[in-house]
Amino acid sequence: MTRNVSLRRTLLIGILAPVALFIVINSVGLYRQSLAAATTAYDRTLLASAKTIGEQLDVEGFDAMAVLRAKVPYSALEAFEADNQSKLYYRVSAIDGEMVSGFAELPFWRGRIPDKSAYAALVDFYDAEFRDKPVRVAVLLQPVASERGRGMAVVQVAETLELRETLARKILVDTLWRQLLLLGVIAAVVVWVVQRATRPVRALGAAIEARAADDLSPIDAPHAPRELRPLVDATTRVMDRLQRLLDHQKRFVRDSAHQLRTPLAVLKVQVQSARRGDVASDQALREIGETVERATVLANQMLSLAKVEQLRQRPESATHAFDAVVRQVALDVSPLIAAKALEFELDTAPVAVHAHQWMLQELARNLLHNAIKHSPRGGALSVRVTSVGDAAVLTVADAGPGISAELRERLFEPFSAGEVSSGSGLGLAICREIVLALGGSLTLDNRVQGGAVVGLDAHARLPQQG
């Protein structure tokens, strides 16, 4: 089942999701940077404590014979204990690990001084456990010199992590609520912007919804955003096609009612006359048959005219050999040609046209029917299919009386037959609608010799498929 996707929801998710992801990544990075800065600051405090202890050391003897002495009261470390939240422990040892002063249970340092240090001292920092509590330890290698000797002391200062953990939590909370506040502000702004940006869409939808059911006029949206113009233009084109289709259907219904009324009325009169015995039965049947034939031709041509409009709305994707179609139509109407003993000539060159095959057949059939009908008995009739530039040209030349200037102006209009009694006047109208639907043209030209009209040439030009 297809689910309708909300444009507003898509925009909100598309904008807020990357922003939220960026804020999360930025918060993690900011928290780590802040924690690293806080760790550095507290490590400097530990280093200061170690230096304070180192300054209170004394030595007797030189190098391997040096004996260290320390007088460091624990109160000397109280200045470095912040808010009584953390505890400091220290140990002073000789370079070989011999205990000098401090907490003997604090394990002696067995590490090494880093090659590169951010401090101007021989110092190392590491994490450990002391008295079942995690601690941070600073180790300072302190040279000790006096008038009586010279040696090297190892000063270790350990600090419990309560204050660091408290600061880390505070940094995390401060970072999170600020970032959440920022996310909330961005979300509010995005919602407002999206709401404002989609307002024209809702207004356009409401305007179309408020239209009458038969209102297919162009959409008037001069203030629509540029992004909506393709949708507005496409909708207008669709409505224009629908309007043309509805107009054609209305015209078809109106013309059908008008044109079929006359033969049906005549047929009714002829049947009534035959029943009363006003005319002989053979003559009555012949007249009824002629009326039915004319009505049948009229109905078929009206259906053909309606089908042209229907196919116009569904562009064909196939390519057909126009010359083969014309030859087949000529074969179909050959009995009519033979009935008039016409001198028929057919000359076709291979050309291809992108169109519905029915359209090509109907175009050739109507032009041939029209030419046969107006050709005198025994006259000449020629059909040629040629390629002229990028056009496929069908030429039907008869030996009829041609057309007058007055008739030429209205000949392509429906129900404008040259002789009212000889046809419905729809054949050429169908031909014109077909060539217009295919992007071509149709012309009728009198053929003149010695100042007299000796026939009519019909030229149907269609775009040729390369």
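Under the simplified labelling scheme, the Lys71-Ala207 pair shows an inter-label distance of 9.6 nm, with each label point 7 Å from Cα along Cα→Cβ. Cross-link reach is defined here as a Cα-Cα straight distance under 28 Å, omitting same-chain residues fewer than 8 places apart; for Lys133 the lysines meeting it are Lys51, Lys71, Lys87, Lys170. Straight-line cross-link partners of Lys340 among the lysines, defined as a Cα under 29 Å from its Cα and at least 8 positions apart when in the same chain: Lys373. Listed by chain and number, the aspartates and glutamates whose alpha-carbon sits under 17 Å from that of Lys116, ignoring those within fewer than 8 places in the same chain, are Asp43, Asp124.
Where a number appears in this text, it was derived from the coordinates with a stated rule and is not lab data. Not measured: the values here are computed from a predicted model. No Cβ is skipped: glycine too gets one built from the backbone with ideal geometry, and neighbour counts run over all protein chains shown.
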